[in-house]
Amino acid sequence: MKIRKPKLSDGRRIWRLVRDSGVLDINSAYCYLLQCRDYADTAAVAEDADGLAGFVTGYRPPERPDVWFVWQIGVAPRARGQGLAKRLLRDVLTRHDDLRHVEATIEPGNQASRALFASLANELSAPMLESDGFEAHHFPDGHEPEPRIHIGPFSPPYRERPLGGPVLNRLSEVRQ
Ligand SMILES: CC(C)(COP(=O)(O)OP(=O)(O)OC[C@H]1O[C@@H](n2cnc3c(N)ncnc32)[C@H](O)[C@@H]1OP(=O)(O)O)[C@@H](O)C(=O)NCCC(=O)NCCS
């Protein structure tokens, strides 16, 4: 499984994975092209012999640049339950020593997503708080509310303590 920054050619592959997830909101293909071209530094894709296995997209809010807002994360059904979503999150965090917070919005019923971010908070030894995000009335189409979760602050260097393994000073060491 190779994890890397997305390229423009990944935009349409991400769009297909989102469409096939049946869970994620599907945005226009143009939107994913923008993510892959202009926000690649805060995104990651995973691919194996069968193609795109997962992705994460996000951005740093201009007025809060120490926050990484995770816009969407998805793993193909064949690759779930193997730690891939966590690896995608780590891949982006490893690139940015100046990040102190992670945010996302999660539909209340999405237990997998909630468990993923709770696991990340645990790994970062940081609290995970929930607050108002986007409420149902903000959407035009009867969309579920999307409460915001906030993880942080956490301190760089981003440390991970694998069970039974050494304390690593930087996640980049994990990938070597
Ligand atoms: C949410 C999603 C990205 C998780 O991907 P994944 O690669 O299977 O997740 P991981 O294997 O990295 O698991 C990370 C943690 O979440 C937990 N988790 C993952 N799926 C879970 C589920 N269905 N139920 C409960 N916990 C779950 C894992 O146990 C793990 O916890 P741990 O680190 O404490 O052991 C994947 O299920 C998915 O693509 N779902 C559809 C799209 C979606 O809902 N995206 C999120 C909203 S933006």
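The values are calculated or read from the model by the stated rules, or taken from the named source; none is laboratory data. Note that this is a predicted model, so its numbers are computed, not measured. Because the Cβ atoms are built from the backbone with ideal geometry, glycine has one as well, and the counts that use them run over all protein chains shown. We work out accessible area using only protein heavy atoms, side chains counted, and drop any ligands, DNA or RNA first. Shrake-Rupley method; radii C 1.70, N 1.55, O 1.52, S 1.80 Å.
When Gly142, Gly109 are screened for being away from the ligand (no atom under 14 Å from the Cβ) and open to solvent by 60 Å² or more (accessible area, probe 1.4 Å), only Gly142 passes. Filtering region 31-41 to residues that are part of a helix (DSSP H, G or I), of a type outside the set (A, V, I, L, M) and either more than 22 Å from Arg60 (Cα to Cα) or open to solvent by 50 Å² or more (accessible area, probe 1.4 Å) (or both) leaves Arg37, Asp38, Asp41. In region 42-52, the qualifying residues are those that are more than 20 Å from Thr94 (Cα to Cα) and within 16 Å of the ligand (Cβ to nearest atom), and the one that is surrounded by the fewest Cβ atoms within 10 Å (Cβ to Cβ) is Asp50.
Filtered by the rule that a residue be within 14 Å of the ligand (Cβ to nearest atom), part of a helix (DSSP H, G or I) and out of contact with any strand residue (DSSP E or B) (no Cβ under 8 Å at 6 or more places or on another chain), region 16-30 gives Arg19, Asp20. Is it the case that region 7-17 has a residue that's closer than 21 Å to Ala79 by Cα and of a type in the set (Val, Ile, Thr)? Yes: one or more hits. Within region 77-95, restricting attention to residues that are open to solvent by 20 Å² or more (accessible area, probe 1.4 Å) and touching a residue at least 40 places away in the same chain (Cβ under 8 Å), the residue that is nearest to the ligand (Cβ to nearest atom) is Arg87. Among the residues of this structure, Leu120 counts as one that is out of contact with any Asp or Glu (no Cβ under 9 Å at 6 or more places or on another chain) and within 13 Å of the ligand (Cβ to nearest atom).
Within region 113-137, residues that are at positive phi have Cβ atoms under 8 Å from residues that are more than 8 Å from the ligand (Cβ to nearest atom) and not aliphatic (A, V, I, L, M) in these pairs: Ser125/Phe154; Ser125/Arg159, counting only partners at least 6 apart in sequence or on another chain.
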